[in-house]
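A short worksheet on the structure shown next.
The values are calculated or read from the model by the stated rules, or taken from the named source; none is laboratory data. Since this is a predicted model, take the numbers as computed values, not measurements. Cβ placement follows ideal geometry from the backbone for every residue including glycine, while neighbour counts extend to all protein chains displayed.
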Amino acid sequence: MDTRPLETAADPKGLRRIAIDPLSRVEGHGKVTLLLDDDNRVRQARLHIVEFRGFEKFIEGRPYWEVPVMVQRLCGIYPVSHHLAASKALDRVAGGWPVPPAADRIRRLMHYGQIVQSHALHFFHLASPDLLFGFDAEVDRRNIVGVAGAFPDAARQGVMLRKFGQEVIRITSGKRIHGTGAIPGGMNRAVDPAERDALRAELPQVLAWAQDAVTLARRLHENLPARYADFADTPAAMMSLVGRDGAMELYDGVLRLRESDGRIAVDGFDDQCYRELIDEAVKPWTYMKFPYRRDLGVDDGWYRVGPLARVQNCDFIPTPRAEAARQAFVAAHGGQPVHTVLATHWARMIELLHGVETVAALLDDALITGGPLQAEGPRQRSGIGMIEAPRGTLIHEYEVGDDDLVTRCNLIVSTTHNNQAMNEAVRAVALRYLDGETITEGLLNHIEVAVRAYDPCLSCATHALGQMPLAVSVRAADGRVLDHVLRSSTGELLRDGPAHDAEAAQ
Amino acid sequence: MTAPLLVLGWGNPSRGDDALGPMLVDALAAYAGRALPAGTVDCLSDYQLQIEHALDLVGRERVLFVDAARGLDAACQMRRVEPQRERRITSHALSPEALLQVFADLQQREPPRCDVLAIRGRRWELGEQPDAQAVADLEQALARAREWLHDAVARGAHTEGVNA
């Protein structure tokens, strides 16, 4: 399906405009806009980011040793990922890379705890309502409370898996949030043996839940109605870190790029040289940049990151249960690359299982309870830290002056890597399911289902009681609002209210 | 042992008035440490209200949620919260009502009595600090939270803690 012409309508005059604003269950200020002609044919579809956050300016000017703590405030969904990516970058500034083995193990434990808790939240909280009840189900069922009511065991497992992941984070960082475990050059605390033992006691049950989660994700995927078999099928190159032996590697590795047809394009690429591999482009209608492969250029160089890319990019997963699940995933697709975005949920649960297995192995490693925790060496002026965060590759890059203050900062988060891939998914769904149809809430939810598969973290952490969850406006060519529907905080559909302020943005 | 009272606030300390919830929790924890017997109240903060916080309610007698809120006419506002199968498709965070419903579904019993204290917020930008007006509103909210605390103790919250 060629979706590219839908990025910009040839003649937007006279087209009706629909805005999904903001995307529910997606943090930050993002929206989808559709331009329709008089026959409801889709002429333009875009995922926009309508607010500039200025993360870099928040960091620049601060002492570099404060940064691993401060960056946690960039994101309330995955603060640990920012914490570790910043620490890895600043290890190099502090001359402390590689960190001592004990610090490496504890950081990995923290990171895989984050993978477990984030993936559990995504699947059971964000994705399973759509998969369990259907994309067209009543609004009041498509949420975690609906899942808890209809499938209490699944809901309980989701809560307990997330709780387990957070406990792993707590014993490595000292707190459930705002922890300060990682510092430039290593860690500032080891794991308390009593806390380790308490988590080990939970492992048999947690492993069983994680295995059940893979089974559930597979069953839901394979039982999707036939009309969703090719839902948002958007072939894309796949990028991730892998181990030097081709293993799945989420904390530290080398970059691999695989073409959409499965051929490996780039392998063993040093993450410190990522600028030679990718660049970022801007477009006038959104604040989010578009990373692309330098060798292919802006139009053809986009790629996908995250669970669906990682599970297919690696040669194997170095834990037995998850590797068996990966092989089953590959076999179920006939060994061919998979680009239907709903398969992301299945891949995500395979990673969750890998995360639990990895946590189990690390809890058995005596190094986590002690040993040298910090390395020192010649001070450097810059550093790059790259990890595979739950949603995909996360890059932190810093330059630091002689006065220890950060002079330049660049972050490429997984959602930014996936910008074009998400836009392609939106267009594919718009063409397949909305084109020529009378727009309903259920049809609009199809677009959100595609975006949610990526779990974009468009911003983070700012929230307050009373935010508007969803508004749709239909405008005439002269800008008049022909129809405006607000889905209120209680889920009621209200008409004739004022349009949201941000709706004015293109 | 689980303290019978829980104060749970949320918000991002680096996003303007979003910090007011965690700031109140910190101040109230310091006050409770001076004014109440140990083990009376637990004080927790997080970025956002999430599903696993349902487990923090287990074994409590009364709970106070604290968050910054848009659009308040007064410095703060206290209200009772009941479980509700809200129809909203939520963001990465839950409403207090939905959290109580998750508790009820998971635990198969009524949640403890819960109130929410909303503090007026007006500015939410990254890197901003609460201004003088916000700090003044916070003081009023803190006074209201102290009243809640003493009222809860007077109504019979055990000070020895209860088993979860």
Subset of segment A:134-158 that is over 18 Å from A:TRP346 (Cβ atoms), of a type outside the set (Lys, Arg) and modelled with pLDDT of 80 or more - its residue that is surrounded by the most Cβ atoms within 10 Å (Cβ to Cβ): A:ALA155
message: Whether any residue in segment A:210-233 is within 14 Å of chain B (Cβ to nearest Cβ), outside any strand (DSSP E or B) and surrounded by 19 or more Cβ atoms within 10 Å (Cβ to Cβ) is what I want to check.
response: no
- request: Please give the helices (runs of 4 or more DSSP H) falling wholly within segment A:388-506 in which 1 or more residues are at pLDDT below 80.
  value: A:441-454
task: Please determine, by comparing only the residues of segment B:61-96 that are under 26 Å from B:GLU139 (Cα atoms) and basic (Lys, Arg), which one is modelled with the lowest pLDDT.
output: B:ARG70
message: Any residue at all in segment B:136-154 that's within 15 Å of the chain's Cα centre (by Cα) and within 13 Å of chain A (Cβ to nearest Cβ)?
response: no
query: Could we say that B:VAL7 is closer than 28 Å to A:GLY158 by Cβ, under 13 Å from the mean Cα position of the chain (by Cα) and surrounded by fewer than 23 Cβ atoms within 10 Å (Cβ to Cβ) here?
result: no
query: Are there any pairs, at least 6 apart or on different chains, whose C-beta atoms fall under 6 Å, with the first in segment A:53-73 and facing another protein chain (nearest Cβ under 9 Å) and the second assigned to a loop (DSSP other than H, G, I, E, B) and buried (at least 19 other Cβ atoms within 10 Å of the Cβ), and if so, which?
result: A:ARG53/A:SER459; A:ARG73/B:ASN12; A:ARG73/B:SER14
Candidate set from segment A:161-190 (those that are facing another protein chain (nearest Cβ under 8 Å) and assigned to a helix (DSSP H, G or I)); member that is nearest to B:LEU55 (Cα to Cα): A:LYS163
statement: Subset of segment A:291-328, residues surrounded by fewer than 19 Cβ atoms within 10 Å (Cβ to Cβ) and either on the phi > 0 side of the Ramachandran plot or assigned to a strand (DSSP E or B) (or both), comes to A:GLY297, A:PHE316
query: Of the numbered conditions (1) in contact with a helix residue (DSSP H, G or I) (Cβ under 7 Å, 6 or more places away or on another chain); (2) under 17 Å from A:ALA217 (Cα atoms); (3) surrounded by 23 or more Cβ atoms within 10 Å (Cβ to Cβ), A:GLY113 satisfies every one except a single condition; which is it?
result: (2)
- request: Might you check whether a residue that is in a helix (DSSP H, G or I) and closer than 30 Å to A:ASP364 by Cβ occurs anywhere in segment A:62-69?
  value: yes
statement: When B:ASP42 is run through (1) crowded, with 22+ Cβ neighbours inside 10 Å; (2) at pLDDT 95 or above; (3) closer than 24 Å to A:ILE169 by Cβ, the failure sits at (1)
Enumeration of residues in segment B:125-145 that are in contact with an Asp or Glu (Cβ under 9 Å, 6 or more places away or on another chain), crowded, with 19+ Cβ neighbours inside 10 Å and not in a helix (DSSP H, G or I): B:PRO130
task: With the condition kept exactly as written, say whether any residue in segment A:141-149 is in contact (Cβ under 8 Å) with a residue 60 or more places away in the chain and either of a type in the set (Asp, Glu) or in contact with a Ser or Thr (Cβ under 9 Å, 6 or more places away or on another chain) (or both).
output: no
message: Residues that are more than 12 Å from the chain's Cα centre (by Cα) and more than 30 Å from B:ALA132 (Cβ to Cβ): does segment B:19-31 have at least one?
response: no
